[in-house]
1. With N residues in the stretch 15-69, what two-decimal value do you get for its Cα radius of gyration over 2.2 N^0.38 Å?
2. Is there a pair in Lys67/Lys134; Lys77/Lys134; Lys40/Lys104 whose C-alpha atoms are over 32 Å apart, and which pairs would that be?
3. Over the stretch 79-174, what is the relative contact order in percent, taking alpha-carbon pairs closer than 8 angstrom and at least six residues apart?
4. Go ahead and run the numbers for FRET between Lys104 and Asp66, Cβ-Cβ distance against an R0 of 25 Å, rounding to 0.05.
5. Would you work out the Kirkwood radius for the stretch 79-174? I mean one over the mean of 1/r across all pairs of different Cα atoms, in Å.
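Rule-based calculations on the coordinates, nothing more; no lab input. Just so it is clear, the model here is predicted, and its values are computed rather than measured. Here the Cβ is made from the backbone with ideal geometry for all residues, glycine too, and neighbour counts use every protein chain on show.
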Amino acid sequence: MPLKLAPKKQATEDPRHTQAVQNYESGLRALQEHKFEKAKGHLQKVLTGPDKSLVDRALVHICACDKNIDKPGLQFKSTEEHYDYAVSLINTGDYVTAREHLEKLLKQQPKAEFVLYGLAALDCLTGHLEESLKTLGEAIQVKPSLRFQARNDGDFQNLAEDPRFTELLYPDPGASEAEPEEEEASAY
């Protein structure tokens, strides 16, 4: 809950004080939203105001902003550790950040089947079913045993009734032999 300062009633309100209070409140709102750079900017404007107690409070919050701004980024020892982090984000419902991490991993290793699988699961959870089917198909091409994992994975529940999903997970054993002949015939 943002703190509101009740300015002391004066016969004529000092516009510098009013502006300082507004900047302080804006800084606190940004701080609560974890927008530390923005918060620091607002709070620094308070430092030129006439109210010493408000300046002191702003200095405390500026220190908090500095600590959060200077935090080093996440460091991962391996691709697998980075992937595990992305999966933990999916499990907590932070789909946007999870997607950012999975896409970053995919740029580093475009054929990493576990990253493709994770992205397919995320796509399914977020309602991007076409993209989920496409990405799951790519993952299964790289590592066919993933079709067994996907059969029992609750993350693909949104696709359970889709016949294309069923075909992907339960391919016709004779179809894989017939496909190369069809491709050869159409190539001429």
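1. On the way: Rg = 10.0 Å, N = 55, 2.2 N^0.38 = 10.1 Å.
Rounded to two decimals, the normalised Rg is 0.99.
2. Details: Lys67/Lys134 43 Å; Lys77/Lys134 29 Å; Lys40/Lys104 29 Å.
Flagged as over cut-off: Lys67/Lys134.
3. Numbers: 94 pairs, mean separation 19.9, N = 96.
The normalised contact order for the stretch 79-174 reaches 21 percent.
4. On the way: r = 27 Å, r/R0 = 1.08.
FRET efficiency, Lys104 to Asp66: 0.40.
5. Working: mean 1/r = 0.0754 Å⁻¹.
Taking every pair of different Cα atoms in the stretch 79-174, averaging 1/r and inverting gives 13.3 Å.
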